[in-house]
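The values are calculated or read from the model by the stated rules, or taken from the named source; none is laboratory data. For clarity, every value in this text was computed on a predicted model and none was experimentally measured. Neighbour counts run over all protein chains shown; Cβ positions are idealised from the backbone, glycine included. Calculation scope for accessible area: heavy atoms of the full protein, side chains included, ligands and nucleic acids excluded. Shrake-Rupley method; radii C 1.70, N 1.55, O 1.52, S 1.80 Å.
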Amino acid sequence: MNVSRPAVHPVEAPPMTEAAVHRPRVRMKDIQGMPGTKGGLFLRLSQFIFSIISVSVMATTNDFRSATAFCYLVLAVGLQSLWSLSLAFVDIYALLVKRSLRNYVAIRLFTIGDGITSTLTFAAASASAGITVLIGNDLDKCGLNHCTQFETATAMAFISWFAMSPSFLLNFWSLASQ
């Protein structure tokens, strides 16, 4: 059997010049939603607004202390509101002075903080949703409790978590790409 074989001809690489060795690294563009952008500020403010609504609605009930999950929701969403407000101030500052928040240490801090607060908020909202379903559907005690307010606070916590997820994912992606 006569099969043709490819011929390999070695080619020398051109010599490296000084400019090619020490050229600056290309950074990816700031995508809306990352820290220091208008989209990032919008996400932070929406996280803050929905978490404050959740805390306010839950705190207006007089019996939210009856279930540990509701107390956990108030604590977790309160922490998220403080975190989101502080990072909103950082975003406002970065937009005012027209600086990019691409520092490795800052991105790592934002990513870890977003990961912790989003996990706490999701766990608290899930636990509160379970207790709300238990009170409303299984025990039929909505007449004695504030089921509508519990459901509203839980829904606002989930919406706040939905607003936190893009922030975390974009920060994590930015951290991984550096």
### Message
Solvent-accessible area of LYS38, probe 1.4 Å, all protein chains present, reported in Å² to the nearest ten, please.
### Response
150 Å²
## Note on the structure
Cα-based Rg and Dmax for the chain, in Å, come out at 24.9, 90
### GNM flexibility winner over the chain from LEU85, LEU45, LEU144 (Cα, springs under 10 Å)
LEU144
### Query
Over the Cα atoms of the range 36-103, Rg to Rh with Kirkwood Rh, two decimal places?
1.15
### Query
How many Å² of accessible area per residue for the range 66-178, probe 1.4 Å?
52 Å²
### Task
Sort by residue number and report every cysteine in the chain with no other cysteine beta carbon within a distance under 4.7 Å.
CYS71
### Message
Once you compute Rg and the Kirkwood Rh from C-alpha atoms, what is the Rg to Rh ratio for the range 66-162?
### Response
1.15
